[in-house]
1. What size of dipole, in debye to the nearest 20, comes out for the chain about its Cα centre when the only charges are +1 on Lys and Arg C-beta atoms and -1 on Asp and Glu C-beta atoms?
2. Enter the angle in degrees (range 0 to 90, nearest 10) between the Cα long axis of helix 133-144 and the first principal axis of the Cα atoms of the chain, meaning the one along which they spread out most.
3. For Trp233 paired with Val259, estimate the spin-label separation in nm (one decimal), with each label point 7 Å from Cα along the Cα-to-Cβ line.
4. Just how large is the dipole of the range 71-166 about the Cα centre, in debye to the nearest 20, putting +1 at every Lys and Arg Cβ and -1 at every Asp and Glu Cβ?
5. Which FRET efficiency value, to the nearest 0.05, do you get for Arg243 and Met1 by plugging their Cβ-Cβ distance into 1/(1 + (r/R0)^6) with R0 = 30 Å?
6. Give the angle, between 0 and 90 degrees and rounded to the nearest 10, that separates the Cα long axis of helix 228-237 from the longest principal axis of the Cα atoms of the chain.
7. What distance in nm separates the simple spin-label points at Ala74 and Glu49, each placed 7 Å from Cα in the Cβ direction?
8. Report the full-extension gain for the segment Ala143 to Ile155: residue separation times 0.36 nm, less the Cα-Cα distance, to one decimal in nm.
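Read the figures in this text as sums done on the coordinates, not as results from a lab. This is a predicted model, so every value here is computed, not measured. When we count neighbours, we look across all protein chains shown, and the Cβ atoms used for this are built from the backbone with ideal geometry, even at glycine.
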Amino acid sequence: MRAALIVNPHASRVTPELTVAVERELAVAGHVETILTERPLHACELAGELGEVDRLYVFSGDGGYNEAVNGLSADIPVGFVPGGSTSVLPRALGLPRDPLDAARALARSSSTRRISLGRVNGRRFTFSAGVGLDAELVRRVDAIGREGGRRASDIAFARTLARIFAERRARFDPEMEVVGVGPVAFALVANGDPYSFVGRVPLRIAPRARFEAGFDLVAPRELRARTLPQVAWWVLAGRGQDRSRRVLYVHDADELDVVSANPVPLQVDGEDLGDVTEAHFEAERGALQVLVPG
């Protein structure tokens, strides 16, 4: 069996020594050709130029996974090795957080799972996309800078989110609309559950979302300081938001449009896509084969 390994050497947890160790673990299943990315969107190009391989492995953070699935044209199994500070996708798929443990599990597994992908304005996403608040958070953290190309920690995300809430006095009014459904303050779209992690803690924003289904949309109609404790409970416990009158929750959707009179930030898998006035979401059901522990 032949496999390709795309590595982002600037991902938060990737080092030359760890790359060699990951390659060694993966080579148990057969020959592995390792290719390093050299610039933004390079993983997209590399995934689209694969030769005759039976598997693709990606050792990076969530941004690298996103690039790879946007470039991939072959219907081959993909294994995601955690190399980022959070690495939401492999963890949500049940892989260990440790890169070597994950590589070992992938190399020794023949089990695959076919999952759906989301698409917004033509860009695929693997686990999440957002319009408004969480996209603004991503942008601000990126503006802090990446030391050696590596993204800031969960602490930086938490501090930045707290700063956004303080600036707005925890008041978020409707500033966009889910077409045909209603006005909302911001919109979060999930392919699966959890939506993200803080350290080891899963953030269960869309608890009904499943990778094998369409996408779920979670959008507060408005947000106030007095409701923050309840929102925190929803996110940590993973229940309640889908039944609340304060939240617009759409489950297992195939297509939705979010529009805004003013430009608002858009993110996919933690990558800033700039400002938009319209976000067209689509589900690609069963679009990707992923390797999972067997």
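1. On the way: 36 positive and 39 negative charges, 272 e Å.
Computed about the Cα centre, the dipole is about 1300 debye.
2. Between the helix axis and the principal axis of the chain, the angle is about 60 degrees.
3. Calculated label separation equals 3.7 nm.
4. Working: 16 positive and 8 negative charges, 19 e Å.
Value, rounded to 20: 100 debye.
5. Values: r = 47 Å, r/R0 = 1.57.
The pair Arg243/Met1 has a calculated efficiency of 0.05.
6. In the chain, helix 228-237 runs at an angle near 30 degrees to the longest axis.
7. Each label point is offset 7 Å from its Cα along the Cβ direction, giving 1.5 nm.
8. On the way: separation 12, 0.36 × 12 = 4.32 nm, distance 1.50 nm.
Contour length minus the Cα-Cα distance gives 2.8 nm.
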